[in-house]
Amino acid sequence: MKILVTAKRVTDPDAKIRVKADGTGIETAGLEYKLNPFCENAIEAAVQLQEKQGGEVVAVTIGDDDAVQNLRTALAMGADRGIHVKLPDAQMDSDLAARILVKLFEQEKPDLFLLGKQAVDGDSNQVGQLVAEYLDLPQACFASKLEVAGDKLTVDRELDGGMETIQVGLPAVVTADLRLNTPRLPTLPNVLKAKRKPVQELTIDALGVDPALTVATIAYEAPPARKGGIKVKTVEELMDKLVNEAKAL
Amino acid sequence: MKNILVIAETFQGKIRKTSLPAVTFAAELAGKVGGEFSIALFGSGVAGLAGELTGFGAKNVYVVDAPGFANYLGGPWAKAVVALAQQAGATAVAAVSDTFSRDLLPRVAARMGAGMVSETTAIVGDGAGVKFQRPMWAGNVLGTVEVRTPTAVFGVRGTDFDPPKATGGASAVQNASIAFADDGKATYVKFEPTVSARPDLAEAAVVISGGRGLKDAAGFALLNPLADMLKAAIGATRAVVDAGICPNDLQVGQTGRVVAPQLYFAVGLSGAIQHVAGMKNSKVIVAINKDEEAPIFSVADYGLVGDAFKILPELTDAIRKHKGL
Ligand SMILES: Cc1cc2nc3c(=O)[nH]c(=O)nc-3n(C[C@H](O)[C@H](O)[C@H](O)COP(=O)(O)OP(=O)(O)OC[C@H]3O[C@@H](n4cnc5c(N)ncnc54)[C@H](O)[C@@H]3O)c2cc1C
Ligand SMILES: Nc1ncnc2c1ncn2[C@@H]1O[C@H](COP(=O)(O)O)[C@@H](O)[C@H]1O
């Protein structure tokens, strides 16, 4: 089985993000970058499938020059080779990312395309579904369990209100939720090995993708801050505040 | 964007109330761009529910009722929604952001060639220059977004738009004939609902969430008597869900449910960015944590530093007395 999987570079999910004073973006000085957590789940799933039944795992990132570092993490987790499409985040929306990934899918012809359900910087939750529609493929989003049998994939999906199971024929697009697996930490020997794995660099010009955006973020601001509250010392005091001040009970 | 189609959602044979704030969004957008909106209802055996949607000022309520739509599948549903949008002359499609629409709407957008705004929280400006706001980076940033395509798709954050108001007039109910085009590429197998006697997280006026500080299932169960008394929904952090103590759809946060109840109790949870992203718009927030430095206190209106195992029974008792139960 051949699997295509994403490795998006994102700002450290636990960092406190601040907006630039002029509203043109976020303050990046001193920020660390990581592999998007949902991509980690997707990569782990891809590598596990490969360990079970062989095949090839190709990891792809779209991002500026530094994104190759996160692609190397995917290679250290077990992906066989990488593709780096060079394009700064600021010139991208989910639709453009999806149209680039569609081109790569057409080039690579994988049996399965695994993505994260969401990039934790933009929080859009769109790319996998867009790719599936552009390619007229079945999708299984928010996957928390995957089972392959022949050319069919059975997927448990985490939904509001319960757990759904669907079956999709391959090729298919699957987006990973956090409970799909526990991503492995790359070992030192594998990090070293990853340095020698091939990475192909591409541009959107070479891929023939139109750079036009369908939606563009034109301003960034900090959300209104919550007014600081108070500490109470006892349950009685809390009750008094809830009943008499907040009138919440 | 002048003719907006709102997708109303059903869940287990009923209109999902939490999907209706998209109607409020559409009415507001229609007002700002000088347009109109309609509501669409897809499903099998749903025609009888259309009457619940006719009082909100929509021009039409379209019903697509066919056995094929008994269960959701992304590919065929996206085709059907776009077919209806074309029949109805709709240039925008909107639905409240939840796992149903997050799965469906991007496919609809790709099929329409439309730009999609996820988790829209506000409409800014009007006319041709109308723009939209949406949270990014777990709610640490508010982005202003411009749609650059003639058609548009909106995921609407339900907590940021009120339930729709009754307008008096009745919308025309139209039975639309849209076929369920099964491409055979995906099949529905089963759905296992989270069985709970409690209100849905997104509908409850009071939400009580517990975190890792409650240790295990027995500790977490200390929230139950309090929730019973307050008719509250129970929520959880990712840590609790990962530990298997709660089903996944109780996870509140950046990657789970977003809630904004009148009263939110955060018990034994630290207040990680990802959790706060899903509850910081609650009206009143109470935090109970034994660590006085816990980040949750910086968003709480009332913080009580102490051991939840000691405080919860006391608080439950105090509320019981207050309610005269
Ligand atoms: C990509 C990604 C997405 C995520 N999405 C979400 C999400 O949607 N929702 C979410 O919740 N998390 C999410 N997380 C996880 C998040 O980062 C935190 O790890 C998680 O919220 C922590 O859960 P917690 O507060 O229960 O546990 P902890 O952070 O371990 O906090 C436990 C707290 O309990 C307190 N405590 C301990 N004992 C007691 C006691 N006896 N009495 C009172 N207090 C006590 C401690 O002081 C501590 O503050 C996500 C993480 C990632 C990387
Ligand atoms: N620049 C990118 N490079 C690689 N994968 C991406 C990129 N942007 C988005 N993705 C993938 O698409 C998923 C959903 O992203 P989004 O729709 O932006 O939230 C992510 O979890 C990634 O798997």
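The values are calculated or read from the model by the stated rules, or taken from the named source; none is laboratory data. Please read all numbers here as calculations on a predicted model, not as lab measurements. Neighbour counts are summed over all protein chains in view; Cβ atoms, including those assigned to glycine, are modelled from backbone coordinates with ideal geometry. We work out accessible area using only protein heavy atoms, side chains counted, and drop any ligands, DNA or RNA first. Shrake-Rupley method; radii C 1.70, N 1.55, O 1.52, S 1.80 Å.
Listing for the model above:
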quantity	calculated
Qualifying residues in the range B:90-100 (those that are not in a helix (DSSP H, G or I) and not acidic (Asp, Glu)) - the one farthest from the other protein chains (Cβ to nearest Cβ)	B:ALA90
Cβ-Cβ under 6 Å pairs, at least 6 apart or on other chains, the range B:30-54 side more than 29 Å from B:PRO150 (Cα to Cα), far side assigned to a helix (DSSP H, G or I) and open to solvent by 50 Å² or more (accessible area, probe 1.4 Å)	B:SER44/B:PRO67; B:SER44/B:ALA70
All positions within the range B:203-230 that are open to solvent by 60 Å² or more (accessible area, probe 1.4 Å) and within 21 Å of B:PRO21 (Cβ to Cβ)	B:GLU203
Residue match in the range A:143-165 (condition: within 16 Å of ligand 1 (Cβ to nearest atom), at pLDDT 95 or above and surrounded by fewer than 16 Cβ atoms within 10 Å (Cβ to Cβ))	no
Among the residues listed as B:ALA218, B:ALA232, the single one being over 30 Å from A:ALA225 (Cβ atoms) and away from ligand 2 (no atom under 16 Å from the Cβ)	B:ALA218
Test: residue in the range A:201-209 that is within 16 Å of ligand 1 (Cβ to nearest atom) and either of a type in the set (Lys, Arg) or more than 28 Å from B:VAL145 (Cβ to Cβ) (or both)	no
Qualifying residue in the range A:200-213 (condition: open to solvent by less than 70 Å² (accessible area, probe 1.4 Å), away from ligand 2 (no atom under 16 Å from the Cβ) and either more than 7 Å from chain B (Cβ to nearest Cβ) or charged (D, E, K, R) (or both))	yes
Residues located in the range B:70-89, provided they are open to solvent by 30 Å² or more (accessible area, probe 1.4 Å) and outside any loop (DSSP other than H, G, I, E, B)	B:ALA70, B:LYS79, B:ALA83, B:GLN86, B:GLN87
Qualifying residue in the range B:260-270 (condition: surrounded by 24 or more Cβ atoms within 10 Å (Cβ to Cβ), within 9 Å of ligand 1 (Cβ to nearest atom) and within 11 Å of chain A (Cβ to nearest Cβ))	no
Subset of the range A:124-137 (residues that are within 7 Å of chain B (Cβ to nearest Cβ), open to solvent by 20 Å² or more (accessible area, probe 1.4 Å) and farther than 14 Å from B:PRO76 by Cα)	A:SER124
Number of the condition not met by A:ASP136 [criteria: (1) at positive phi; (2) assigned to a strand (DSSP E or B); (3) more than 16 Å from ligand 1 (Cβ to nearest atom)]	(2)
Residues being facing chain A (nearest Cβ under 8 Å) and within 19 Å of A:ASP121 (Cα to Cα) - total across the range B:104-124	6
Strands (runs of 3 or more DSSP E) within the range A:1-89 that include 1 or more residues away from ligand 1 (no atom under 16 Å from the Cβ)	A:2-6, A:56-63, A:81-86
Every residue from the range B:288-298 that is open to solvent by 20 Å² or more (accessible area, probe 1.4 Å) and either within 9 Å of chain A (Cβ to nearest Cβ) or within 16 Å of ligand 2 (Cβ to nearest atom) (or both)	B:GLU292, B:PHE297, B:SER298
Test for A:ARG72: is it open to solvent by 20 Å² or more (accessible area, probe 1.4 Å) and more than 13 Å from ligand 2 (Cβ to nearest atom)	yes
One residue from A:VAL174, A:VAL232, A:VAL191 being within 16 Å of ligand 2 (Cβ to nearest atom) and either at the interface with another protein chain (Cβ under 9 Å from one of its Cβ atoms) or at pLDDT 95 or above (or both)	A:VAL174
Residues located in the range B:303-325, provided they are outside any loop (DSSP other than H, G, I, E, B), open to solvent by 30 Å² or more (accessible area, probe 1.4 Å), farther than 24 Å from B:SER270 by Cβ and without any contact (Cβ under 8 Å) to a residue 60 or more places away in the chain	B:ASP317, B:LYS321, B:HIS322
Verdict on B:LYS190 being surrounded by fewer than 19 Cβ atoms within 10 Å (Cβ to Cβ) and within 16 Å of ligand 1 (Cβ to nearest atom)	no
Selection count where residues are of a type outside the set (Asp, Glu) and part of a strand (DSSP E or B), scope the range B:47-69	5
Residue that is nearest to ligand 2 (Cβ to nearest atom) [pool: residues in the range B:274-287 that are outside any loop (DSSP other than H, G, I, E, B) and within 10 Å of another protein chain (Cβ to nearest Cβ)]	B:GLN274
Listing of strands (runs of 3 or more DSSP E) fully contained in the range B:112-183 that carry 3 or more residues being within 24 Å of B:GLN86 (Cα to Cα)	B:115-120, B:152-156, B:172-175
Residue in the range B:288-302 that is away from ligand 1 (no atom under 11 Å from the Cβ), under 17 Å from B:GLY213 (Cβ atoms) and part of a loop (DSSP other than H, G, I, E, B) present	yes
Test: residue in the range B:101-110 that is assigned to a helix (DSSP H, G or I), farther than 17 Å from B:PHE37 by Cβ, free of Cβ contacts under 8 Å to residues at least 40 places away in the same chain and under 15 Å from the mean Cα position of the chain (by Cα)	yes
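One line per residue, one yes/no per condition, for (1) crowded, with 22+ Cβ neighbours inside 10 Å; (2) within 14 Å of chain B (Cβ to nearest Cβ); (3) under 16 Å from the mean Cα position of the chain (by Cα):
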position: A:ALA7; (1), (2), (3): yes, no, yes
position: A:PRO13; (1), (2), (3): no, yes, yes
position: A:ALA29; (1), (2), (3): no, no, no
position: A:TYR33; (1), (2), (3): no, yes, yes
position: A:CYS39; (1), (2), (3): yes, yes, yes
position: A:GLU44; (1), (2), (3): no, no, yes
position: A:GLN53; (1), (2), (3): no, no, no
position: A:GLU56; (1), (2), (3): no, no, no
position: A:VAL60; (1), (2), (3): yes, no, yes
